[in-house]
Amino acid sequence: MLMLAALGVLLAGLAIGATSIGGVFVVPVLGALAQVEPQRAVAAASLGFAFTGAAAWWKAPRGAQGGGWALGLSALAGAALGALTLAWMPGGGVRLAVGVVALASGLFALFGRTWQRASPLPGIVWVLLGLGVGALSAWSGTGGPVVLLPLLALLGVPATLGLDAAQRVQLPVALSATVVNFMADRLDVLLGLAIGVLVLAGWAIGRRLAQTLPVHRLRQAVALALIATGLAYL
């Protein structure tokens, strides 16, 4: 079962690298295949996403904005708030958050239509997005892209800018949530590091696949998997 759990986490990382969504699979995999309780699974997953977040910052094109400091700092604050209140959420609440995020993101990725706005998003909107994405990511154990990408597409943010923002937001969310979870004594550091290594390996493979395979097919497959995960959790 542990080998299957490791394979599931690796595949989640692959989905993140190929399509920017897929981190929501980690917590369900830990719960179903490794019997990790929801809050500890969320804490370990948050630490793991710091690896892909750091890699995204390193690989980002020079001069990329993606919401800038407004998004990063507000996501940092939102993730801290989410991690601080995680203990008040029963296991069913965490499962509900994961299910809603998975289902909504899958439906949007499969059926959503995009449009492109003529003017940049105001700074206050980036701040509100960062707070909301940070809190929801800390509650559900997701990395940030699975929450942020659909919202940015709905707001008409260009795809390249949205992808950059979604990849970069992983790091502040992961760092903030990890510090709070560690202080609250619900973080299994070794498990989080193992998740980080597996997710990063999958992320690197996914990025290579995205350069050789039709990305829209990958997104459709991940969208269907997200919908199935959301329905199972709800």
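One table, with the values for the structure above:
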quantity	calculated
Flag for residue 36 being open to solvent by less than 10 Å² (accessible area, probe 1.4 Å) and under 25 Å from residue 176 (Cβ atoms)	no
Residue within segment 3-15 that is of a type in the set (A, V, I, L, M), in contact (Cβ under 8 Å) with a residue 24 or more places away in the chain, open to solvent by 20 Å² or more (accessible area, probe 1.4 Å) and not in a helix (DSSP H, G or I) present	no
Residue within segment 24-44 that is under 12 Å from residue 167 (Cβ atoms), in contact (Cβ under 8 Å) with a residue 12 or more places away in the chain and in a helix (DSSP H, G or I) present	no
So residue 165, is it over 17 Å from residue 140 (Cβ atoms), open to solvent by less than 80 Å² (accessible area, probe 1.4 Å), part of a helix (DSSP H, G or I) and at pLDDT below 80	no
Of residues in segment 189-234 being among the β-branched types (Val, Ile, Thr) and open to solvent by less than 40 Å² (accessible area, probe 1.4 Å), the one farthest from residue 4 (Cα to Cα)	227
Positions within segment 65-90 being open to solvent by less than 30 Å² (accessible area, probe 1.4 Å) and at pLDDT below 75, in sequence order	66, 67
Identity of the residue in segment 122-159, in contact (Cβ under 8 Å) with a residue 40 or more places away in the chain and more than 29 Å from residue 88 (Cα to Cα), that ends up most open to solvent (accessible area, probe 1.4 Å)	154
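The values are calculated or read from the model by the stated rules, or taken from the named source; none is laboratory data. Note that the structure is a prediction, hence the values are computed from the model and not measured. Glycine gets a Cβ as well: all are built from the backbone with ideal geometry, and neighbour counts include every protein chain shown. In case anyone asks, the SASA skips ligands and DNA or RNA and just uses the protein heavy atoms, side chains included. Shrake-Rupley method; radii C 1.70, N 1.55, O 1.52, S 1.80 Å.
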